[in-house]
Amino acid sequence: MQQDIWFTPEGIEDLLPQQAEKLEYYRQGLLNELKLSGYQQVLPPIAEFTDSLLTGTGRKLALDTCRFTDYETGRMMGVRADMTPQVARIVSNRIKPSDILRLCYVGEVLKSRNNKAKGSRSPIQLGAELFGHKGVESDIEIIDLMLGCARYMGLPNLQISIGHVGIVQGLMEQAKLDAHQQNELVDILKRKALPEYQAWLASQAQLSDKLSAAFSSLPLFCGEAQGVITQAKPLLRGITAAIDLALGDLETLANYLINTQQLNSHLDLSDLRGFQYHTGVIFACYSVESTPVLLAKGGRYDEVCAAFGEAHPATGFSLDLRNLLDHLPDCSAPLTCVYAPISQDPALYAKVTALRSEGTQVVRCYQGNSLPQGASKLVEQNGCWIVQTN
């Protein structure tokens, strides 16, 4: 039989004992960080009917979703490719909060397509979501939480990037671009295709002088956040109330990060990451050494819950524990290990139980099996079981 038939599909990997232990260490620690900030854990199912799984903004996950027929009902089901829409469904249909609600989650997701640039096809997604508040204050809370998780993971040189999809959205609406024109512009900006952008801009003869100046400068509004905001205000302020509010929120956020955590954030006003999903502030956290490592990302998504019947403003972040595993420092020191034989002696059973309750690892050993050099073992002396080191 050929050995290669036992290989897992590309992008879907086993985690061996050392990796699995490391992942579990950080999983528990990060969940505790979230719990200490008031976030309650939920656990959505691994699979759902595609009617709900791909509802609303979840439709963008259609190509990434593995699907199968439910033989109980004949309906189509899917394995989740992202947990955030599931959490939105739980909030809108199960919990139905009347006030602020803080939730967190962790679980494996599965993607039908392999993208090496984005890591594993089976990420282990951990995240937190705040529902019920629409304002920069809750964005700040979530960013604080994201940075706290990043610091818990112990990675050096944290940097944060921020943006706001409302800037470009407001400019497009004021320019009265139709859906096709908006999609074309968003595609160009996402690819940072400056020659195409200049050609697009040259074709927009209908733009007013103020709008033309704003669009012309848009790709230049990129760099240290406070400097970008100072540069952008004279050109963007007064175009729409929504743009003014977005600039104010970004300024509040940038000042908060400097004053509380001495972090100079990076701001790109033409950043449209997750444009079809996010509705306001967007953000990402990196560890930067020789090359940047994306730790977590998120943003505001006020429209997601509405697809499930109840509209709740929301903001949140998520990270992929599996993708970060190789970058994370090794976890805590190994447990003290004692070997114990198999015996019907109740005193031995009581001793093994007592050692384990104290946090000592007790491993059963069998006659004829050799123990590691210097290993400790339970031995009987005068009717008592004691730990003895070889």
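The values are calculated or read from the model by the stated rules, or taken from the named source; none is laboratory data. Since the model is a prediction, treat every value here as computed from it, not as a measurement. Cβ sites come from the backbone with ideal geometry, for glycine too, and all protein chains shown count toward neighbours. Ligands, DNA and RNA are stripped out before the accessible areas are found, and what is left, the full protein with its side chains, is counted by its heavy atoms. Shrake-Rupley method; radii C 1.70, N 1.55, O 1.52, S 1.80 Å.
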Pairing a residue in segment 53-82 that is among the aromatic types (Phe, Trp, Tyr) with any residue that is assigned to a strand (DSSP E or B), where Cβ atoms lie under 6 Å and the two sit 6 or more apart in sequence or on different chains, gives PHE68/MET77
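Please indicate, with yes or no, whether at least one residue in segment 229-237 is β-branched (Val, Ile, Thr), touching a Phe, Trp or Tyr at 6+ places or on another chain (Cβ under 9 Å), modelled with pLDDT of 95 or more and open to solvent by less than 50 Å² (accessible area, probe 1.4 Å). Give the steps one after another, and end with the answer.
Step one: list which residues in segment 229-237 are β-branched (Val, Ile, Thr), which gives 229-230.
Retained after the next criterion (residues that are touching a Phe, Trp or Tyr at 6+ places or on another chain (Cβ under 9 Å)): 229.
Those still in the list that are modelled with pLDDT of 95 or more too: 229.
After this cut, where a residue has to be open to solvent by less than 50 Å² (accessible area, probe 1.4 Å) as well, the list is 229.
Within segment 229-237, one or more residues are β-branched (Val, Ile, Thr), touching a Phe, Trp or Tyr at 6+ places or on another chain (Cβ under 9 Å), modelled with pLDDT of 95 or more and open to solvent by less than 50 Å² (accessible area, probe 1.4 Å).
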The residue that is modelled with the lowest pLDDT, considering only those in segment 354-390 that are more than 48 Å from the chain's Cα centre (by Cα) and part of a loop (DSSP other than H, G, I, E, B), is GLY368
Checked LEU257, LEU295, LEU272 against criteria (open to solvent by less than 10 Å² (accessible area, probe 1.4 Å), assigned to a helix (DSSP H, G or I), among the aliphatic types (A, V, I, L, M) and within 24 Å of CYS222 (Cα to Cα)); the one match is LEU257
Filtering segment 276-292 down to residues that are open to solvent by 20 Å² or more (accessible area, probe 1.4 Å) and touching a strand residue (DSSP E or B) at 6+ places or on another chain (Cβ under 9 Å) yields TYR277, HIS278, THR279, TYR286, VAL288, PRO292
Residues in segment 112-150 that are within 25 Å of TYR25 (Cα to Cα) and assigned to a loop (DSSP other than H, G, I, E, B) total 5
Only one of (1) touching a residue at least 60 places away in the same chain (Cβ under 8 Å); (2) of a type in the set (Gly, Ala, Ser); (3) over 23 Å from TYR105 (Cα atoms) does not apply to GLY298, and that is (3)
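Tell me whether segment 259-275 contains one or more residues that are within 19 Å of LYS134 (Cα to Cα) and either in contact (Cβ under 8 Å) with a residue 24 or more places away in the chain or within 24 Å of the chain's Cα centre (by Cα) (or both). Working first, answer last.
Taking segment 259-275 and keeping what is within 19 Å of LYS134 (Cα to Cα), we get 274-275.
Those left that are additionally either in contact (Cβ under 8 Å) with a residue 24 or more places away in the chain or within 24 Å of the chain's Cα centre (by Cα) (or both): 274-275.
Scanning segment 259-275 turns up at least one residue that is within 19 Å of LYS134 (Cα to Cα) and either in contact (Cβ under 8 Å) with a residue 24 or more places away in the chain or within 24 Å of the chain's Cα centre (by Cα) (or both).
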Please verify whether GLN373 is over 14 Å from CYS337 (Cα atoms) and either of a type in the set (A, V, I, L, M) or out of contact with any Ser or Thr (no Cβ under 6 Å at 6 or more places or on another chain) (or both), treating the condition exactly as stated. no
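Any residue at all in segment 303-323 that's buried (at least 16 other Cβ atoms within 10 Å of the Cβ), of a type in the set (D, E, K, R) and in a loop (DSSP other than H, G, I, E, B)?
Yes, because at least one residue in segment 303-323 is buried (at least 16 other Cβ atoms within 10 Å of the Cβ), of a type in the set (D, E, K, R) and in a loop (DSSP other than H, G, I, E, B).
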Flagged in segment 52-97 as open to solvent by 70 Å² or more (accessible area, probe 1.4 Å), of a type in the set (Lys, Arg) and within 18 Å of PRO123 (Cβ to Cβ), in numbering order, are LYS60
Residue hits (segment 28-51; in contact with a helix residue (DSSP H, G or I) (Cβ under 7 Å, 6 or more places away or on another chain), open to solvent by 30 Å² or more (accessible area, probe 1.4 Å) and assigned to a helix (DSSP H, G or I)) are GLU33
Over segment 324-339, the set of residues outside any strand (DSSP E or B) and either under 30 Å from LYS134 (Cβ atoms) or in contact with a strand residue (DSSP E or B) (Cβ under 9 Å, 6 or more places away or on another chain) (or both) is LEU324, LEU325, HIS327, PRO334, LEU335, THR336
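Pull up segment 362-378, narrow it to residues that are touching a strand residue (DSSP E or B) at 6+ places or on another chain (Cβ under 7 Å) and open to solvent by 30 Å² or more (accessible area, probe 1.4 Å), then point me to the one that is farthest from TYR349 (Cα to Cα).
Kept after step one, since they are touching a strand residue (DSSP E or B) at 6+ places or on another chain (Cβ under 7 Å), are these residues of segment 362-378: 362-365, 371, 374-378.
Now narrow it down to the ones that are open to solvent by 30 Å² or more (accessible area, probe 1.4 Å): 363-364, 371, 374, 377.
Details: VAL363: 12, ARG364: 11, LEU371: 20, GLY374: 23, LYS377: 14 Å.
The selected residue is GLY374.
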When segment 335-370 is checked residue by residue, the ones that are closer than 24 Å to GLN18 by Cβ and small (Gly, Ala, Ser) are ALA340, GLY359, SER370
In the set ILE162, ILE100, ILE140, ILE124, the lone residue that is in contact with a helix residue (DSSP H, G or I) (Cβ under 9 Å, 6 or more places away or on another chain), touching a residue at least 24 places away in the same chain (Cβ under 8 Å) and either open to solvent by less than 10 Å² (accessible area, probe 1.4 Å) or of a type in the set (D, E, K, R) (or both) is ILE162
* Does segment 67-89 contain at least one residue that is farther than 25 Å from PHE308 by Cα, at pLDDT 90 or above, acidic (Asp, Glu) and under 18 Å from the mean Cα position of the chain (by Cα)? -> no
With criteria (1) open to solvent by less than 100 Å² (accessible area, probe 1.4 Å); (2) assigned to a helix (DSSP H, G or I), ILE12 comes up short on (2)
Only one of (1) of a type outside the set (Asp, Glu); (2) modelled with pLDDT under 95; (3) part of a helix (DSSP H, G or I); (4) within 30 Å of the chain's Cα centre (by Cα) does not apply to PHE215, and that is (4)
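Of all residues in segment 201-235, count the ones that are touching a Lys or Arg at 6+ places or on another chain (Cβ under 9 Å) and in contact (Cβ under 8 Å) with a residue 40 or more places away in the chain.
Going residue by residue through segment 201-235, those that are touching a Lys or Arg at 6+ places or on another chain (Cβ under 9 Å) are 206, 219, 235.
Add one more test, that the residue is in contact (Cβ under 8 Å) with a residue 40 or more places away in the chain, and what stays is 219.
Qualifying residue count, segment 201-235: 1.
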